[in-house]
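The values are calculated or read from the model by the stated rules, or taken from the named source; none is laboratory data. On a predicted model such as this, the values are computed, not experimentally measured, just so you know. Cβ: placed from backbone, ideal geometry, glycine included. Neighbour counts: every protein chain shown.
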Amino acid sequence: MVVLEVQFITFIYMLTTGFILALVFDFYRALRSLGYLGDIITKLIDFSFCILAGVIVFIILLRANLGEIRFYIFLSLLLGALIYNQTLSSFFLRFFSSLWAEFFKLINKFLKVIKKIYKFFKNLLKRLQQILFKFKSKLSSFLD
């Protein structure tokens with residue numbers, strides 16, 4: 001019964017794929033919930049996610065059963081996503097939200113440091129310009 005074995009393995013692959021795709025979508029959903037993404041960016045990422053998910057499912061299907069699409073494929077994808085949503089989604093959504101929040105805090109701190117460095121060098125260059133201007137005027141008055 002090689003055919004039944006291949007179908008069982010394909011079912012497990014698709015179950016796992018549905019689970020992982022739901023996990024990856026929660027990662028993106030946590031980012032989206034922070035409100036940093038605009039409407040157009042959200043739509044582009046949603047569209048890209050759907051295309052990428054379809055490609056991933058297609059590649060896994062090609063490797064598992066030469067791309068045969070059967071009802072149990074859709075059922076196992078849906079079941080994997082449903083199992084994830086009912087068991088681990090709330091935990092990972094909170095985890096990813098805090099991860100994204102910490103990431104953006106780190107980025108903000110980094111940008112503040114860059115801004116301080118920029119201001120320091122801007123003020124330094126302004127001082128140097130003033131010193132050079134004074135030196136130039138003293139030199140020109142000395143030479144006159």
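Say whether the condition of being assigned to a helix (DSSP H, G or I), at pLDDT below 95, of a type in the set (D, E, K, R) and under 18 Å from residue 70 (Cα atoms) is met by at least one residue in segment 6-29.
No, segment 6-29 has no match at all.
Hey, residue 37 hits all of (1) of a type in the set (A, V, I, L, M, F, W, C); (2) in a helix (DSSP H, G or I); (3) in contact with a helix residue (DSSP H, G or I) (Cβ under 8 Å, 6 or more places away or on another chain) but one; which does it fall short on?
Every condition holds for residue 37 apart from (2).
Can you name the residue in segment 1-53 that is surrounded by 12 or more Cβ atoms within 10 Å (Cβ to Cβ) and aromatic (Phe, Trp, Tyr) and is also farthest from the chain's Cα centre (by Cα) among such residues?
Of segment 1-53, the ones surrounded by 12 or more Cβ atoms within 10 Å (Cβ to Cβ) are 6-34, 37, 42, 44-46, 49, 52-53.
Cutting the leftovers down to aromatic (Phe, Trp, Tyr) gives us 8, 11, 13, 19, 25, 27-28, 49.
Details: 8: 33, 11: 29, 13: 24, 19: 18, 25: 10, 27: 7, 28: 6, 49: 11 Å.
So the residue we want is 8.
Given the structure, is residue 91 within 20 Å of residue 28 (Cβ to Cβ), loosely packed, with under 12 Cβ neighbours inside 10 Å and at pLDDT 95 or above? Please lay out each step first, then the result.
On the way: within 20 Å of residue 28 (Cβ to Cβ): yes; loosely packed, with under 12 Cβ neighbours inside 10 Å: yes; at pLDDT 95 or above: yes.
It is true that residue 91 is within 20 Å of residue 28 (Cβ to Cβ), loosely packed, with under 12 Cβ neighbours inside 10 Å and at pLDDT 95 or above.
Regarding segment 110-132, can at least one residue be identified that is within 15 Å of the chain's Cα centre (by Cα) and assigned to a helix (DSSP H, G or I)?
First pass over segment 110-132, keeping only residues within 15 Å of the chain's Cα centre (by Cα): none.
No, that holds for no residue.
Would you check if residue 72 is in a helix (DSSP H, G or I), among the hydroxyl-bearing types (Ser, Thr, Tyr) and in contact with a helix residue (DSSP H, G or I) (Cβ under 8 Å, 6 or more places away or on another chain)? First the steps, then the outcome.
On the way: in a helix (DSSP H, G or I): yes; among the hydroxyl-bearing types (Ser, Thr, Tyr): yes; in contact with a helix residue (DSSP H, G or I) (Cβ under 8 Å, 6 or more places away or on another chain): yes.
When the stated conditions are applied, residue 72 passes them.
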